[in-house]
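> Submitted below is the structure of interest, expressed as structure tokens.
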Amino acid sequence: TTASDRLVIPTRSPNNTVAILTLNRPKALNALSTPLFQALNAELEKVEEDESVRAIVITGGEKVFAAGADIKEMKDKEFAEAYTTNFLGSWNKIASIRKPIIGAVAGYALGGGCELAMLSDILIATPNATFAQPEITLGIIPGMGGSQRLTSLVGKARAMDMVLTGRKIDGVTAERWGLVSRLTKEGESVVDLAVKTAETVAGFGKVAVQAGKEAVNAALDLPLEQGLRLERRLFQQLFATQDQKEGMAAFAEKRKATWQDK
Ligand code: CAA
């Protein structure tokens with residue numbers, strides 16, 4: 001296979017610390033077919049294991065992120081098959097990745113595309129990107145977090161509006177609603193901005209970065225008291241790391257810290 005037939009193209013940032021996974025099914029607007037998702041999961045598994053990778057960017061490039069699950073593949077699916085094969089269940093693998101994931105969205109992030117974008121830890125978009133959960137227009141509902149993650153990100157009224165009307169919102173609105181944390185400036189590449197952001201995260205100690213991701217994610221899963229306890233334990237445990245000693249010594253000595261990842 002040549003690079004152009006690969007459904008997900010893995011590349012690296014110049015300093016090699018950021019893995020960039022680019023969805024590559026341009027003719028179908030990166031519709032998330034089962035083979036595409038298998039390819040994405042396989043690449044994620046590789047970069048999760050690879051010690052040189054400190055952060056991951058998931059993108060569809062500068063034109064389209066993903067126009068949703070593959071409708072042609074789903075069209076004739078029956079309940080028994082969907083249920084017994086746990087259709088879409090494998091998408092949740094992304095949620096178990098410990099390394100930070102930065103999503104970079106230009107163009108459409110619809111249905112499963114919007115849900116994949118929301119599986120990122122930090123989401124970056126262009127002002128004219130398009131986010132929507134249009135499943136209602138197909139006689140279904142979101143199947144991979146569009147009713148759950150979207151609601152915790154933007155609140156009930158806005159999530160209900162998107163899920164029940166299929167309305168499209170642009171990147172500017174998505175940023176205002178808290179779905180997206182950074183927008184590109186005029187003429188700026190969304191992939192470059194995501195890689196730059198990923199490099200910032202990749203430049204910190206691995207232990208603290210993983211703990212930060214774990215703690216913030218706990219806020220979505222746990223009641224406040226349990227979340228606060230988990231946060232406090234992780235915080236206290238970081239005082240057992242050399243990176244805490246180094247980070248604070250470097251501050252006191254007015255120099256740059258050198259992280260040991262332990
Ligand atoms: N599945 C399969 N194929 C898709 C697709 C999808 N989700 N989205 C686009 N394509 C294909 C089109 O069928 C077309 O292929 P052909 O050239 O073979 O006809 C090609 O991509 C280009 O698309 P269009 O010609 O439609 O391009 P456009 O610019 O006119 O329209 C669009 C773009 C508005 C995004 C339109 O393609 C569209 O509405 N796509 C479907 C969006 C959608 O409903 N997504 C939700 C899917 S359900 C889901 O995701 C469930 C879940 O929760 C996981």
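The values are calculated or read from the model by the stated rules, or taken from the named source; none is laboratory data. All values derive from a computational prediction rather than experimental measurement. No Cβ is skipped: glycine too gets one built from the backbone with ideal geometry, and neighbour counts run over all protein chains shown. We work out accessible area using only protein heavy atoms, side chains counted, and drop any ligands, DNA or RNA first. Shrake-Rupley method; radii C 1.70, N 1.55, O 1.52, S 1.80 Å.
> Pairs LYS75/LYS99; LYS168/LYS213; LYS63/LYS93; LYS93/LYS262; LYS27/LYS168; LYS77/LYS213: which exceed 31 Å Cα-Cα?
Pairs exceeding the cut-off: LYS75/LYS99; LYS77/LYS213.
> Moving on. Would you mind working out the magnitude of the charge dipole of the range 145-262 relative to its Cα centre, with +1 at each Lys and Arg C-beta and -1 at each Asp and Glu C-beta, to the nearest 20 Debye?
Roughly 180 debye for the range 145-262.
> A follow-up question, please. Kindly work out what percent of the DSSP beta bridges joining two residues of the chain are antiparallel, to the nearest 5.
Roughly 25 percent of the beta bridges in the chain run antiparallel, per DSSP.
> So, with a 1.4 angstrom probe, what is the percent of accessible area on the chain that is carbon and sulfur?
Heavy-atom surface of the chain belonging to carbon and sulfur, 1.4 Å probe: 56 percent.
> Follow-up question, since we're still on this one. In whole angstrom, note down how far apart the Cα centers of the range 191-251 and the range 38-61 are.
20
> What is the sum of charges around VAL172, taking Lys and Arg as +1, Asp and Glu as -1, for the other residues whose C-beta is under 13 Å from the C-beta of VAL172?
Around VAL172, the charge tally is +1.
> Compute the Rg to Rh ratio over the chain from the alpha carbon atoms, using the Kirkwood formula for Rh, and round to two decimal places.
0.99
> Taking the highest mean first, how do the peptides 211-220, 54-63 order by number of other beta carbon atoms within 10 angstrom per residue?
Top of the packing list down: 54-63, 211-220.
> Ok, one more. Work out the charge dipole of the chain with +1 on the Cβ of Lys and Arg and -1 on the Cβ of Asp and Glu about the Cα centre, then indicate which of ILE102, ILE141, TRP259 is farthest towards its positive end.
About the Cα centre, the residue reaching furthest to the positive side is TRP259.
> Can you give the helix-only mean residue ellipticity at 222 nm for the chain, where every DSSP H stretch with n ≥ 4 adds -39500 (n - 2.57) and the sum goes over all residues, rounded to the nearest 500 deg cm²/dmol?
Dividing the helical sum by the residues of the chain leaves -12500 deg cm²/dmol.
> From the Cα gyration tensor of the range 1-138, with a ≥ b ≥ c the square roots of its eigenvalues, which class applies: rounded if a/c is under 1.5, or else prolate if a/b is larger than b/c, or else oblate?
Judged from the Cα gyration tensor, the range 1-138 comes out prolate (a/c at least 1.5, a/b above b/c).
> Please compute the Kirkwood hydrodynamic radius of the range 186-262 from all pairs of different C-alpha atoms, in Å with one decimal.
When all Cα pairs of the range 186-262 are included, the Kirkwood radius is 14.3 Å.
> Can you work out the accessible area per residue across the chain, with the rest of the protein chains kept in place, probe 1.4 Å, in square angstrom?
54
> Spelling out what I want: for every residue of the range 114-127, take phi, set θ = phi - 60°, compute 6.51 cos²θ - 1.76 cosθ + 1.60 (Karplus), and round to whole Hz; glycine and proline get x.
5, 5, 5, 4, 6, 6, 6, 7, 10, 10, 10, 9, 8, x
> Answer with one residue from ALA55, LEU32, THR84: the one whose Cα lies farthest towards the positive end of the charge dipole of the range 20-86, charges on Cβ with Lys, Arg +1 and Asp, Glu -1.
Farthest towards the positive end: LEU32.
> Still on this structure, please answer the following. Sort the following peptides by mean Cβ neighbour count (other Cβ atoms within 10 Å, averaged over residues), highest first: 172-181, 190-199.
Listed from highest to lowest mean packing, they are 190-199, 172-181.
> A further question follows. Just to confirm a number: summing +1 for Lys and Arg and -1 for Asp and Glu over residues other than PHE239 whose beta-carbon lies under 15 angstrom from that of PHE239, what do you get?
Within the 15 Å Cβ shell, the charges total +1.
> Looking at the range 5-136, send over the antiparallel percent of its DSSP beta bridges, to the nearest 5.
20
> Still on this structure: Can you tell me the dipole magnitude for the chain around its Cα centre, using point charges on the Cβ only (Lys, Arg +1; Asp, Glu -1), in Debye to the nearest 20?
520
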